[in-house]
Amino acid sequence: MSEHTIAVAMSGGVDSSVVAGMLNRAGERVIGMTMQLWNQKRLPDIASDNATGRCCSLDDVYDARHVAQLLGIPYYVVNFEDRFEAQVVKPFIDEYLAGRTPIPCTLCNNFIKFDQFLEMAEGIGAREIATGHYARIDWNGDSRRWEMRRSVDRSKDQTYFLCGLKQDQLARTRFPLGAMEKTQVRELARELGIPTAAKPDSQEICFVPNGDYAGFIDSYFKEQGIAPTETQGEIVTADGKVVGEHAGVHHFTVGQRRGLGIAAAEPLYVIATEPASKRVVIGRNDDLLRASMHVREVNWISIAAPSAPLRAEVKIRNKHAAAAATLLPAAADGTRIEVRFDEPQRAVTPGQGAVFYSGDLVLGGGWIE
Amino acid sequence: MTRFYFDHNATTPVSPEVFQAMAPLMTTVFGNASSIHQFGQEARGELDRARRSVAAMLGAKAEEIVFTGGGTEADNMAIFGAGGHVITTTIEHPAVLQAAQQLPEVTFVKVDRQGLVDPQAVRAAIRPDTKLISVMHVNNELGVIQPLREIAEIAHDAGVLFHSDGVQAMGKLPVNAGELGVDLYSISAHKIYGPKGMGALYIRKGTELRPLLYGGPHERKMRAGTENVPGAAGFGRAAEWVIAESRAEAARLSVLRDRLEQRILTRVTGAHVNGSAAPRVGNTSNIRFDGIDSEPLLIGLDLKGFAVSSGSACSSGATEPSHVLAAIGLTREQARSSVRFSLGRSNTEAQVDALIDAVVEVVSRLRKLAPAYV
């Protein structure tokens, strides 16, 4: 195949189908590929045919293949299950058990989609990949860097999950939907005759049915022969008073209000989870506010690592409206940053990503300590 | 882009002569072979003729051939038809392996590192309640030929029925059911340039077997269901080709296969032929490339126009390493780095040379990519 062959990661959904259709119509040499990442029937306790937010079902493969057939492009299913379990699922569980709240989508982008998939594409003779992510990539000739920008459709923007992408990955990646509104994408899907045009968007974490993380972890433990009782413990207040018991620290995340089972005069929230002592610390809403945080393993995208304080807007979870802050380098190479918010932020959650923006421009991002 | 087919163990194209033999049986000669009238008689005539041809291919009598809906059905008939304890091997085709796993009493005999079954291990597995021994003739992934005659003797000494899945043997080596000593032998049309969905079970005269399907009295009450006359006619014509021409064709392919193996081993470092020390059919080559994942190798070759296969990839992309390669002692990584080339009528020396170049190119490209695939 030619140097210009593009491998499109096709999930069977509308977005990636449209990407394949657009590139094909533009005369590019396109190969469709579906990544098999997780066997949905593997954990029988939580396997269910009507669970939402699932990936890698045979139905999805059928849909992706159907689109590829309509477009007349070669199509392959590639199996990355081993790597996905090692690099995404296990760290996801470890993070929960360590009292943090992980984002597997970022790990999947870093270690699967823009690593193993990119490598697979190169191996089969495709120099570039394209995905249905909502983000924009541009070359800046002055800074000699690939820049990332939020998608034109701000409600679909996925840059929060793409903050780990390196320059060499961006150089070989196309996000054709970054410049489009979702409504345009659906219209284009109909225009291209894509049968999944009306298929609902996927939600939640793909390998966790119905967004039930704790249920997933319990089932995985059962499969691996790990006793779930190991993470049971006490619910305590900030001053150490025991007010209840819980079934496992992985059932809780910072900022969570529901499911505590504790009656109190004012609403109570999870302030922290302490895996070492297996304690869940609760408190009032105000106790959740943080004026600063540290971010580790920072990857700089649109700018080189800064050596001086920098103003930016910082997102601390996907649905967070980015908050104004000052970034202070906490390591000489810029891989650790102290973030000082102009206004204290609620529920700064260790394990989540922190992504730095300047308007639409994605400066970089890392993991909240 | 010109495409070249090197996956003849998966399936073969229907040959022009087979297609011609089948066409009138779907249009003008359409009768039900069980009908009394002349439409039926015409169809019956074609069915009988096909049965004689298929029987002749096996050196058998026409009445020893039961037509089935493919090799899998023939295998299932044999496995479920005998009753009692069954002995089979770890390298069988899933049509035998998965069927045997449904039985309450079954023993799986292991194979050696070349993929060969030790007849003495089969003998040792025989129990008083053993009713059937099933050992494939030629392995689909490795091309390794099993010592059927010795196993047949052991089976008969113990008064046990002997079945062999011969789907991958037909057309690749001479087969005579009587000489092999099999009681039951499964074959399939689409591996010998016949139609898909058509197979047969050879049942040696006098062998007691329960049918799998019940219904009308077709196929001497051994296989209910209106006879697939077009399929049978195609199978019969394919069998005639096997009888007349497959010996010369197998010799031609063997030369091409050896050329393929020798040149790949010379030009690619860290390449090994799986099962190379065992007797093999001449069209099959299973080659392992150190440090290479067969998945991108297979796709890379496909995009260059060369169709090959890797173990038992399924449509969902689940690439559990091949059970055959695991059974001969390969690690998961080794099994995942193995590719099967299977040659057939369409292949020429020029195609083989082009394939060798493509393999060299894709393997070297994959090896340049670091880190290695999981």
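Structure data summary
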item	result
Count of residues meeting criterion [part of a loop (DSSP other than H, G, I, E, B) and either at pLDDT below 90 or closer than 20 Å to B:Thr11 by Cβ (or both)] in region B:317-346	10
Filter result (closer than 19 Å to B:Thr130 by Cβ and either buried (at least 24 other Cβ atoms within 10 Å of the Cβ) or more than 18 Å from the chain's Cα centre (by Cα) (or both)) within region B:89-98	B:Thr89, B:Glu92, B:Val96
Strands (runs of 3 or more DSSP E) wholly inside region A:289-334 that include at least 1 residues being under 20 Å from the mean Cα position of the chain (by Cα) and among the basic types (Lys, Arg)	A:289-300, A:310-315
From B:Gly231, B:Gly236, B:Gly178, residue being surrounded by fewer than 20 Cβ atoms within 10 Å (Cβ to Cβ), of a type outside the set (Val, Ile, Thr) and over 17 Å from the mean Cα position of the chain (by Cα)	B:Gly178
Residues (more than 8 Å from chain B (Cβ to nearest Cβ), over 28 Å from A:Thr349 (Cβ atoms) and without any contact (Cβ under 8 Å) to a residue 60 or more places away in the chain) located in region A:82-132	A:Leu118
Matching residues in region A:242-267 - criterion: being surrounded by 17 or more Cβ atoms within 10 Å (Cβ to Cβ), assigned to a loop (DSSP other than H, G, I, E, B) and not β-branched (Val, Ile, Thr)	A:Gly248, A:Phe252, A:Gln256, A:Leu260
Answer residue from region A:137-163, given it is within 18 Å of A:Cys105 (Cα to Cα) and basic (Lys, Arg) and is modelled with the lowest pLDDT among those	A:Lys156
Selection count, region B:1-60, where residues are charged (D, E, K, R) and modelled with pLDDT under 95	0
Residue count, region A:133-170 (criterion: under 21 Å from A:Lys315 (Cα atoms), in contact (Cβ under 8 Å) with a residue 24 or more places away in the chain and assigned to a loop (DSSP other than H, G, I, E, B))	10
Residue list for region A:276-328, restricted to those being within 30 Å of A:Gln232 (Cβ to Cβ) and in contact with a Ser or Thr (Cβ under 8 Å, 6 or more places away or on another chain)	A:Lys278, A:Arg279, A:Val280, A:Val281, A:Ile282, A:Gly283, A:Arg296, A:Ile316, A:Arg317
Test result for B:Val86, crowded, with 23+ Cβ neighbours inside 10 Å and out of contact with any Leu (no Cβ under 8 Å at 6 or more places or on another chain)	no
Region A:1-20, subset more than 22 Å from the chain's Cα centre (by Cα) and β-branched (Val, Ile, Thr), residue nearest to the other protein chains (Cβ to nearest Cβ)	A:Thr5
Filter result for A:Leu71 (under 24 Å from A:Leu170 (Cα atoms), more than 9 Å from chain B (Cβ to nearest Cβ) and in contact with a Ser or Thr (Cβ under 9 Å, 6 or more places away or on another chain))	no
Selection count where residues are within 14 Å of chain A (Cβ to nearest Cβ) and either at pLDDT below 95 or touching a Gly at 6+ places or on another chain (Cβ under 9 Å) (or both), scope region B:347-362	3
Wholly within region B:171-290, helices (runs of 4 or more DSSP H) carrying at least 2 residues that are modelled with pLDDT under 95 and more than 21 Å from B:Asp353 (Cβ to Cβ)	B:218-221
Filter result (of a type in the set (A, V, I, L, M), assigned to a loop (DSSP other than H, G, I, E, B) and surrounded by 13 or more Cβ atoms within 10 Å (Cβ to Cβ)) within region A:222-241	A:Ile226
Options A:Ser202, A:Ser219; residue that is assigned to a helix (DSSP H, G or I) and at pLDDT below 95	A:Ser219
Some residue of region A:21-35 being within 13 Å of chain B (Cβ to nearest Cβ), closer than 27 Å to A:Gly193 by Cα, touching a Cys at 6+ places or on another chain (Cβ under 6 Å) and outside any loop (DSSP other than H, G, I, E, B)	no
Test for A:Leu43: is it farther than 24 Å from A:Gln184 by Cα, in contact with a helix residue (DSSP H, G or I) (Cβ under 6 Å, 6 or more places away or on another chain) and modelled with pLDDT of 85 or more	no
Residue in region B:21-62 that is surrounded by the most Cβ atoms within 10 Å (Cβ to Cβ), counting only those that are under 23 Å from the mean Cα position of the chain (by Cα) and among the charged types (D, E, K, R)	B:Arg51
A:Phe114 vs. criteria at pLDDT 95 or above, on the phi < 0 side of the Ramachandran plot and assigned by TED's automatic domain parsing to the domain that holds A:Thr34	yes
Selection status of A:Thr173, over 30 Å from A:Glu274 (Cβ atoms), touching a residue at least 60 places away in the same chain (Cβ under 8 Å) and more than 14 Å from chain B (Cβ to nearest Cβ)	no
Single condition A:Lys41 does not satisfy, out of (1) under 24 Å from A:Val355 (Cβ atoms); (2) in a loop (DSSP other than H, G, I, E, B)	(1)
Residue that is nearest to B:Ser342 (Cα to Cα) [pool: residues in region B:255-302 that are within 14 Å of chain A (Cβ to nearest Cβ) and touching a Lys or Arg at 6+ places or on another chain (Cβ under 8 Å)]	B:Ser294
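The values are calculated or read from the model by the stated rules, or taken from the named source; none is laboratory data. Bear in mind that the values here come from a model prediction, so they are computed numbers and not experimental data. For neighbour counting, all protein chains shown are included, and Cβ atoms are generated from backbone atoms with ideal geometry for every residue, glycine included.
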